[in-house]
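Okay, here's the structure, questions in a sec.
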Amino acid sequence: MAASMLGSAWGPLRLGVPGLCRRRPPRGLWARARRLPGPAGSGRSVAAASGSGASGTDRYCLELLRKRDYEGYLCSLLFPAESRSSAFALRAFNVELAQVKDSVSEKTIGLMRMQFWKKTVEDIYSDSPPHQPVAIELWKAVRRHNLTKRWLMKIIDEREKNLDDKAYRNIQELENYAENTQSSLLYLTLEILGIKDLHADHAASHIGKAQGIVTCLRATPYHGSRRRVFLPMDICMLHGVSQEDFLRKSQDKNVRDVVYDIASQAHLHLKHARSFHRSVPAKAFPAFLQTVALEDYLKKIQQVDFDIFHPSLQQKNTLLPLFLYIQSWRKRY
């Protein structure tokens, strides 16, 4: 089966916290990690995460992330205090755009929403944001960190193109989509952290592509339930697999081989990103904490022999907050 090839193709996976058994974090770390707000956290815990002076718009972004992008929410909690609210705003902006496609019944309505966000970004850079919570917080982030307008517009433009329900023609098309959305988001996150570094940008590009590929894999069962398949057609054709095979939740070896090839590309991008580790400023590492969740998924899908529909892949890792905290402490990605 595909998984039997994994050791030679990928090498040993190190899930987020390499050497965890060899080195113990300082006393008190475990207790503090346990206090990270969970997915069912109370309003009090959310307020505590954003600071005692959190505004209504700030809390709105926190709640939106906690419900719609829990992994991004956890990562943002570990940002330096002076950058945290801006990280929440940026990720909330991304969530607003990401959920347009699944929340509209007609493409025309989706285009109207994208047009709203294009105008919103224009208004933000004219210091006249609309009275919308995410827009107001994004305006604060832009003013505070002088964020590059081009990256924000690129995310909107790419999400707008993706409103068509079409599978990616090839893996390169999926990577281009990921570069223009997830990588652009990371470039902005680096700006929030005050990082201007070529090596950090290279790492962000690869991590963003890995994020886009893993997101496509993770969403396949959900899309299949709605009679949609977006996996790259070139890899499916290479293995003689049709979209109907995924809609039937086939567990044939050919189907697993398609998933293996796509997952391998994500793993390769993570490997490339880590090759810059020694050259990337330590201040940039909070932007790359999402690699913990990415590798968690890749490890799980390996364990189930690339059965993309296996129930275990839909379960949250309850240890993820702890893994993220330890990775943050170790200044690694």
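Give all pairs with beta carbons closer than 6 Å in which a residue from the range 211-228 that is under 16 Å from Ser264 (Cβ atoms) meets a residue that is open to solvent by 40 Å² or more (accessible area, probe 1.4 Å) and of a type outside the set (D, E, K, R); count only pairs at least 6 apart in sequence or on separate chains.
These pairs meet every condition: Ile213/Gln265.
Name the single residue that is surrounded by the fewest Cβ atoms within 10 Å (Cβ to Cβ) among those in the range 264-295 being among the charged types (D, E, K, R) and assigned to a helix (DSSP H, G or I).
So in the range 264-295, the residues among the charged types (D, E, K, R) come out as 271, 274, 278, 283, 295.
Checking the rest, the ones that are also assigned to a helix (DSSP H, G or I) come to 271, 274, 283, 295.
Working: Lys271: 13, Arg274: 18, Lys283: 16, Glu295: 22.
So the residue we want is Lys271.
Continuing with this model, one more query. Of Leu231, Leu188, which residue is part of a helix (DSSP H, G or I) and touching a Ser or Thr at 6+ places or on another chain (Cβ under 9 Å)?
Answer to the selection: Leu188.
Next question, about the same structure. Among the residues of the range 117-152, count how many are surrounded by fewer than 16 Cβ atoms within 10 Å (Cβ to Cβ) and part of a helix (DSSP H, G or I).
Number satisfying all stated conditions: 8.
Determine which member of the set Asn162, Asn180 is at pLDDT below 95, of a type outside the set (Ser, Thr, Tyr) and crowded, with 18+ Cβ neighbours inside 10 Å.
Working: Asn180 fails: at pLDDT below 95.
Just a single option satisfies the conditions, and that option is Asn162.
Shifting gears a bit: Among the residues of the range 304-326, what is the count of those that are closer than 16 Å to Val255 by Cα and buried (at least 21 other Cβ atoms within 10 Å of the Cβ)?
At the first step, the residues of the range 304-326 found to be closer than 16 Å to Val255 by Cα are 304-310.
Those still in the list that are buried (at least 21 other Cβ atoms within 10 Å of the Cβ) too: 306, 308.
Final tally of qualifying residues: 2.
Right, something else. On the basis of being in contact with a His (Cβ under 8 Å, 6 or more places away or on another chain) and surrounded by fewer than 16 Cβ atoms within 10 Å (Cβ to Cβ), does Gly194 make the cut?
Working: in contact with a His (Cβ under 8 Å, 6 or more places away or on another chain): yes; surrounded by fewer than 16 Cβ atoms within 10 Å (Cβ to Cβ): yes.
So Gly194 passes the test.
Right, next: Name the residue, out of Asp252, Asp257, Asp261, that is open to solvent by 10 Å² or more (accessible area, probe 1.4 Å) and free of Cβ contacts under 8 Å to residues at least 12 places away in the same chain.
Numbers: Asp257 fails: free of Cβ contacts under 8 Å to residues at least 12 places away in the same chain; Asp261 fails: free of Cβ contacts under 8 Å to residues at least 12 places away in the same chain.
Being open to solvent by 10 Å² or more (accessible area, probe 1.4 Å) and free of Cβ contacts under 8 Å to residues at least 12 places away in the same chain holds for just one of Asp252, Asp257, Asp261, which is Asp252.
May I pose another question? Does any residue in the range 283-299 that is under 14 Å from Pro321 (Cα atoms) and touching a residue at least 40 places away in the same chain (Cβ under 8 Å) come within less than 6 Å, Cβ to Cβ, of a residue that is open to solvent by 10 Å² or more (accessible area, probe 1.4 Å) and in a helix (DSSP H, G or I) six or more places away or on a different chain, and which pairs are these?
Cβ pairs passing all conditions: Val292/Phe323; Ala293/Glu71.
Looking at the structure I just gave you, is Glu173 open to solvent by 30 Å² or more (accessible area, probe 1.4 Å) and touching a residue at least 40 places away in the same chain (Cβ under 8 Å)?
Values: open to solvent by 30 Å² or more (accessible area, probe 1.4 Å): yes; touching a residue at least 40 places away in the same chain (Cβ under 8 Å): yes.
Yes; evaluated as a whole, the condition is true for this residue.
For the range 83-104, which positions are without any contact (Cβ under 8 Å) to a residue 40 or more places away in the chain, assigned to a helix (DSSP H, G or I) and open to solvent by 30 Å² or more (accessible area, probe 1.4 Å)?
The answer is Arg84, Asp102, Ser103.
Could you please let me know if Arg218 is more than 16 Å from the chain's Cα centre (by Cα) and farther than 24 Å from Ser275 by Cβ?
Working: more than 16 Å from the chain's Cα centre (by Cα): no; farther than 24 Å from Ser275 by Cβ: yes.
In short, no.
When you scan the range 105-116, do you find a residue that is of a type in the set (Val, Ile, Thr), at negative phi, open to solvent by 10 Å² or more (accessible area, probe 1.4 Å) and outside any helix (DSSP H, G or I), even just one?
no
Under 8 Å by Cβ, and 6 or more places apart or on different chains, what pairs join a residue from the range 304-329 that is in contact (Cβ under 8 Å) with a residue 40 or more places away in the chain with one that is part of a loop (DSSP other than H, G, I, E, B) and polar (S, T, N, Q)?
Short answer, once both residue conditions are applied: Asp307/Gln251; Phe309/Gln251; Phe323/Asn317.
The values are calculated or read from the model by the stated rules, or taken from the named source; none is laboratory data. Keep in mind that this is a model prediction, so the values were computed, not measured. So basically every Cβ, Gly included, is an ideal-geometry build from the backbone, and we count neighbours across all protein chains shown. Surface areas here come from the heavy atoms of the whole protein model, side chains and all, with no ligands, DNA or RNA. Shrake-Rupley method; radii C 1.70, N 1.55, O 1.52, S 1.80 Å.
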